[in-house]
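Please treat every number below as a calculation from the coordinates, not as lab data. Since the structure is predicted, the reported quantities are computational estimates derived from the model, not experimental observations. Quick reminder, even Gly has a Cβ in these numbers, built from the backbone with ideal geometry, and neighbours come from all protein chains shown.
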Amino acid sequence: MNKKVYTKEIDVAGKKLTLEVNKLAPQANTSVIARYGDTEVLATVVSAAAKLGLGYFPLTVDFIERLYAGGIIKGSRWVKREGRPTDEAILTGRLVDRSIRPLFPKDFMDEVQVTLTLLSTDGENDHDVLSIVAASAALAVSNVPWNGPIGAVRAGYITTPEESIVINPPTSEMEFSDLDLVVSGTAANIIMVEAGAKQLPEEKMTAAVTEAMAENKKIIKAISEMTAEIGQEKYPYTQVVLDQELVNEIEKSYHKDLEPLVFSDDPSSKPKTHQIEELKAAIVAKYPEHKNKNQIPEIVEKIMKKMVRASTMDKKKRYDSRKPDEVRPISAEVGLLPRTHGSGLFQRGLTQVLSVATLASPSLEQWIETAEGMEEKHYLHHYSDPPYALGGTGRLGGLGRREIGHGALAERALLPVIPSQEKFPYTIRVVSEVLSSNGSTSMGSTCGSTLALMDAGVPISAPVSGVAMGIMAKDEKDYVILTDIAAFEDFYGNMDFKVAGTETGITALQLDVKLDAGFSGLTLEMIPKIFAQARDGRMFIMEKMLAVLPASRKNVSQYAPKVVTIKVPVDKIGEVIGPGGRNIKNIIATTTASVDIEDDGTVTIASINEEAVARAKEWIEGMTREVQVGEEFDGEVKRILNFGAFVEILPGKEGLVHVSRMTAGFVSDPNTVVKIGDKVKVKVTEIDEMGRINLAMYWGPKEMGNLPGRQAGVQSPMGNRPRFGGPRPYRPGSFGARRNRY
């Protein structure tokens, strides 16, 4: 049976947002086409029965980026089909996942797949917030249990021509923005935040979040109206209800056994997970015939959660004995690895990250092919989190979404302080190796990478530190904000809010929430309190970092390539390259430096050997320099022909000394005057219409007097004769004069 097509239009930030339901993918549970400008995203929702014994909610969110959306065919000569998802596609999928996941019922275990396909992009309206809205609308009108809807917008802080917060700014305006903020939430509460900023002060960030939430209400209202008109009835599902009698019995019997396994007086410790698992197994063994014995592991987790939250909220004492605003012990070190360009080790509690910086020529920047076109990246941050970091075993292989997401967050946190290639002409790659994980490894990566960049001599504009903030809340009024949450607090708390920035302001944000009875998400009143406490934590961490390395090193490592850039006139590019690349190949082979030329005339020269860079630079500058008549040079004889000698006056630039300009007298054989390799003083006498340079070794009595075998002050009759092949002067009565009359 064909489903009825329904369309809803919403005014968002002065543009029309259209939601079209059930036009495409009729066999999906529900489908929605969301359109904003000429950007379109198709969202589909499909569910399946729960799998027995899975133990978690199997939600899958996939974003499919098709290049046809931007009218592009893949650039590869052999492979034209899109390959694995790009990092951007994975990050968009994570953005949607983090926005919708908290609103599914806690006891809902059916398999749900949300697929988002980019159908069209206009290059001006981003598809990520549109994907969140499309998923929200599709889930809201579907029969899948979900406690939405939500809205999502992007906010920019435009600084030109005047400062203002702009909702859903077009891509062309984002270059003038100090902020790239995405906020999703319900009508009353914030569910997800993702932001990158150019050291934006906390009060301005708070104002941007407030305006974004106000605009979200329009989207939520429209989706709610649409759901009331065409929404399907949510289907019933089997709820998982714990045996309360068994819960009470285990809590009474094993509370004292659990306490020393969970709580500690050491801020650098974590719960004794292996012993907790052994205790779970022992409790299960005590109830071999109990009908709900399979619930025992979950019951133990519930009891531990209750213990941790009660201690934190009622006693203001965390499981590791810290105060709510206390940061775990910090240590840091730089210059650990002898041959790398820069390294920094950052440890906070049991979280330890080694970041390593590598510098390379600008030609090694990354090119990314998206539906919007090609993008260049000269700063790359990669994150690795192997199984041993948690003290366990596991498979090492391809990157997971979490690793891509954490690397992108650390990259975004540091990008605002990375120097431009004009100031620091390098491609920069940082790899963060997580060696031990116990909460907020992404912020640990940010801190470690700041140290690695400074150790590598990268002139960052300001050091960046980051901290993960948590919250434990009974409701919107009764809550405790936690600084520097550990993994246990992330798992049992209601929030993971990562805040990174400099002393001036925020550079990156990432918020995820876990909803609970009485807690429906962050309120606007909580945001400034979280930012203020996070700033105190960041400044404490920053102080520890700068005690190790106060500023970037003045010079790059001896093992890093030395890179310089020069600009040559566009019409001289061919001169540098030469026929078939002969000139540039000769420069590279002779100097051993790498040379890259851009279409705008930017030449990048790189080599570990500083002398090689200087030689190549001098060579290219000499080739492209405009020589003036009358200039004098100390040149080297490169070639000798029967009519004269070619002398190199600048690297790669030669001129001809005709035999008539070698000495004061007649020269029948140039070899009697000069040899290849001789150093001679020459003067530019002429540059003809073809750019050829004519030189003279003799041009006056003073110089002539220094030449062997020549009489000072006597000039050869041939002395004023032009170089071979040049135009002859007019002489009355000559053949040339008669010819020129006609």
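By the gyration tensor of its Cα atoms, with a ≥ b ≥ c the square roots of the eigenvalues, what is the shape of the range 528-576: rounded for a/c under 1.5, prolate for a/b over b/c, or oblate?
Working: a/c = 6.79, a/b = 2.34, b/c = 2.91.
Cα axes put the range 528-576 in the oblate bin.
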Given the pairs LYS315/LYS498; LYS423/LYS554; LYS316/LYS477; LYS270/LYS498; LYS270/LYS477; LYS256/LYS316, which span a C-alpha to C-alpha distance of over 22 angstrom in this model?
LYS315/LYS498; LYS270/LYS477
Full-extension gain between GLU618 and ASN671, please, as 0.36 nm times their residue separation minus the C-alpha to C-alpha distance.
16.1 nm
Pairwise over distinct Cα atoms, reciprocal of the mean inverse distance: report the Kirkwood radius of the chain in Å, one decimal place.
30.8
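Suppose we look only past 21 Å in the calculated P(r) of the range 330-548. What percent of the Cα-Cα pairs does that tail hold?
The proportion of pairs with Cα distances above 21 Å equals 55 percent.
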When Lys and Arg each count +1 and Asp and Glu each count -1, what net charge do the other residues less than 12 Å away from ALA137, Cβ to Cβ, add up to?
0
Counting only DSSP beta bridges with both residues in the chain, tell me the antiparallel percent, nearest 5.
90
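Let me spell out the model: positive unit charges on the Cβ of Lys and Arg, negative unit charges on the Cβ of Asp and Glu, origin at the Cα centre of the chain. What dipole size does that give, in debye rounded to 20? Write down the numbers at each step before the final one.
Values: 89 positive and 97 negative charges, 506 e Å.
For this selection, approximately 2420 debye.
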What are the GluC sites (Glu not before Pro) within the range 505-602 that DSSP puts in a loop, where the Cβ has at most 11 other Cβ atoms within 10 Å?
GLU525
On each of the three principal axes of the Cα atoms of the range 503-633, give max minus min coordinate, whole Å, ordered largest first.
84, 33, 30
Under 17 Å Cα-Cα from LYS51, which aspartates and glutamates qualify once same-chain neighbours fewer than 8 residues away are excluded?
ASP107, ASP110, GLU111
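Considering only DSSP states other than H, G, I, E and B, which GluC sites (Glu not before Pro) in the range 1-100 qualify as loop sites with at most 16 other Cβ atoms within 10 Å?
Working: sites: GLU9, GLU20, GLU40, GLU65, GLU82, GLU88; in loops: GLU82.
The qualifying sites are GLU82.
Please give the length that would be gained between TYR56 and TRP367 if that part of the chain were fully extended, namely 0.36 nm times their separation in residues minus their C-alpha to C-alpha distance (nm, one decimal). Intermediate values should be presented prior to the final figure.
Working: separation 311, 0.36 × 311 = 111.96 nm, distance 3.79 nm.
Fully extending the segment from TYR56 to TRP367 adds 108.2 nm.
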Excluding same-chain residues fewer than 8 positions from LYS217, which lysines have a Cα within less than 18 Å of its Cα?
LYS8, LYS15, LYS16
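How long are the semi-axes of the equivalent ellipsoid of the range 244-315, taking √(5λ) for every eigenvalue λ of the Cα gyration tensor, in whole Å from largest down? Intermediate results must be reported in sequence, preceding the final value.
Numbers: eigenvalues 107, 40, 15 Å².
Equivalent-ellipsoid dimensions as semi-axes: 23, 14, 9 Å.
Treat every Asp and Glu Cβ in the range 244-315 as -1 and every Lys and Arg Cβ as +1, leave all other atoms uncharged, and give the resulting dipole magnitude about the Cα centre to the nearest 20 debye. Don't jump to the answer; show the numbers that get you there.
On the way: 13 positive and 13 negative charges, 29 e Å.
The dipole magnitude comes to about 140 debye.
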Please list 428-434, 297-303 highest first by mean number of surrounding beta-carbon atoms within 10 Å per residue.
428-434, 297-303
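For the range 245-374, count all C-alpha to C-alpha pairs, find those more than 19 Å apart, and express that count as a whole percent of the total. Display every interim value, and only then the final one.
On the way: 5578 of 8385 pairs.
Across the range 245-374, Cα pairs with separations above 19 Å total 67 percent.
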Full-extension gain between VAL5 and GLU543, please, as 0.36 nm times their residue separation minus the C-alpha to C-alpha distance.
187.8 nm
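Go ahead and run the numbers for FRET between TYR68 and MET374, Cβ-Cβ distance against an R0 of 25 Å, rounding to 0.05.
On the way: r = 16 Å, r/R0 = 0.64.
The formula returns an efficiency of 0.95 here.
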Which value, in debye to the nearest 20, describes the size of the charge dipole of the range 330-548 about its Cα centre when Lys and Arg Cβ atoms bear +1, Asp and Glu Cβ atoms bear -1, and nothing else is charged?
340
Chymotrypsin sites (Phe, Trp or Tyr not before Pro) in the range 32-111 lying in a DSSP loop, each with at most 16 other Cβ atoms within 10 Å of its Cβ, come to TYR56, TRP78
Measure nothing fancy, just the Cα-based angle from helix 273-286's long axis to the longest principal axis of the chain, in degrees from 0 to 90, nearest 10.
30
